[in-house]
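Values quoted throughout were computed directly from the atomic coordinates according to the rules given, and no laboratory measurement underlies them. Since the structure is predicted, the reported quantities are computational estimates derived from the model, not experimental observations. Counting neighbours? That spans all protein chains shown, and the Cβs are built from the backbone with ideal geometry, glycine included.
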Amino acid sequence: MKSKIIFSIICLLVFTGCNKILLYSYGVRNPKVETSHSITKYLHSNELDTANNYAFRDTASLTKFYNKNIGIPEIRFYDKNGYLMLYRDEKKCNGQNDSLISFLNPHNVIRVDSTDNIFDYLEEVRKINGLSVNKEEFSGFDYYLVMYWAKYLGKVNSIKMRDWESTLMKKQDLKIKTIKLTTDYMDFWPLDKKNMIKIYSPKTKTTDRKKEREASL
């Protein structure tokens with residue numbers, strides 16, 4: 001319960017920017033350009049599954065993601081036909097995701113968005129080494145799970161991702177294809193670093209460190 005309360009506070013701060021000191025203490029940093037090796041190393045060091053890792057195709061695909069206001073860390077489910085499952089009340093927190101994982105059953109009927117299909121969405125996705133995705137690898141599953149996360153969010157990822165992965169382990173009776181999709185900037189993108197998101201400035205970091213030292217006295 002305590003971890004869920006902390007996670008809710010972190011989510012609020014990520015989107016409002018009210019308290020950067022707390023974010024910094026949770027490992028949130030300015031995004032960097034990541035590689036296949038740095039992504040895998042991060043997941044391994046945090047005891048997270050290192051399989052099924054993907055990234056966005058380029059900055060245009062990342063922009064499309066941000067424009068949908070999906071948020072991170074977050075998950076979305078697609079049914080066996082690839083259609084987005086509309087199981088959430090958008091006014092409530094993403095704790096609904098944990099409930100849905102437990103509820104997953106081909107016999108349970110959940111509304112879908114027929115305009116949003118995972119096989120079309122794969123056009124926006126690449127493997128973390130930059131190679132194209134083979135859609136044939138995504139056929140024949142009961143469900144498709146897209147798990148959005150970012151290395152620069154630090155501990156914020158591990159709080160929810162561990163919960164999701166732990167719950168998924170209990171659904172061995174279903175064939176679920178996980179697409180662990182990082183929203184980090186990748187080295188295979190044509191990228192102007194001046195346009196990268198900044199959570200902290202040098203002034204912010206200096207102020208945060210000063211306040212942290214004062215708080216510890």
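According to the calculation over all Cα-Cα pairs in the stretch 30-200, the P(r) per 5 Å bin from zero is 1, 8, 18, 22, 21, 17, 9, 3, 1, 0 %. Phi-derived couplings, Karplus 6.51 cos²θ - 1.76 cosθ + 1.60 at θ = phi - 60°, listed residue by residue for the stretch 184-195: 6, 6, 10, 5, 8, 7, x, 9, 9, 4, 5, 9 Hz, with x used for Gly and Pro.
Each of the peptides 45-57, 151-163 was scored by the mean count of other Cβ atoms within 10 Å over its residues; in descending order, highest first, they stand as 151-163, 45-57.
Take E74, E136 and order them by how many other Cβ atoms sit within 10 Å, fewest up front. All intermediate terms of the calculation are to be shown ahead of the outcome.
Working: E74 17, E136 7.
Ordered from fewest to most neighbouring Cβ atoms within 10 Å, E74, E136 come out as E136, E74.
In this label model, S45 and L86 are separated by 4.2 nm, measuring between points 7 Å along each Cα→Cβ vector. Distances between placed amide hydrogens fall under 5 Å for N46 paired with no residue 5 or more residues away or on another chain. Taking amide H as placed 1.01 Å from N in the peptide plane, E34 has its amide H under 5 Å from the amide H of Y185, M186, D187, each at least 5 places away in sequence or on another chain.
Summarising the amide proton neighbourhood of I179: residues at separation of 5 or more, or on other chains, whose placed amide H is nearer than 5 Å comprise L145, V146, M147. A simple spin-label model places pseudo-atoms 7 Å from Cα toward Cβ; at N129 and D116 they are separated by 3.1 nm.
Gain on full extension, evaluated as 0.36 nm per residue between N69 and Y200 minus their Cα-Cα distance, stands at 45.0 nm.
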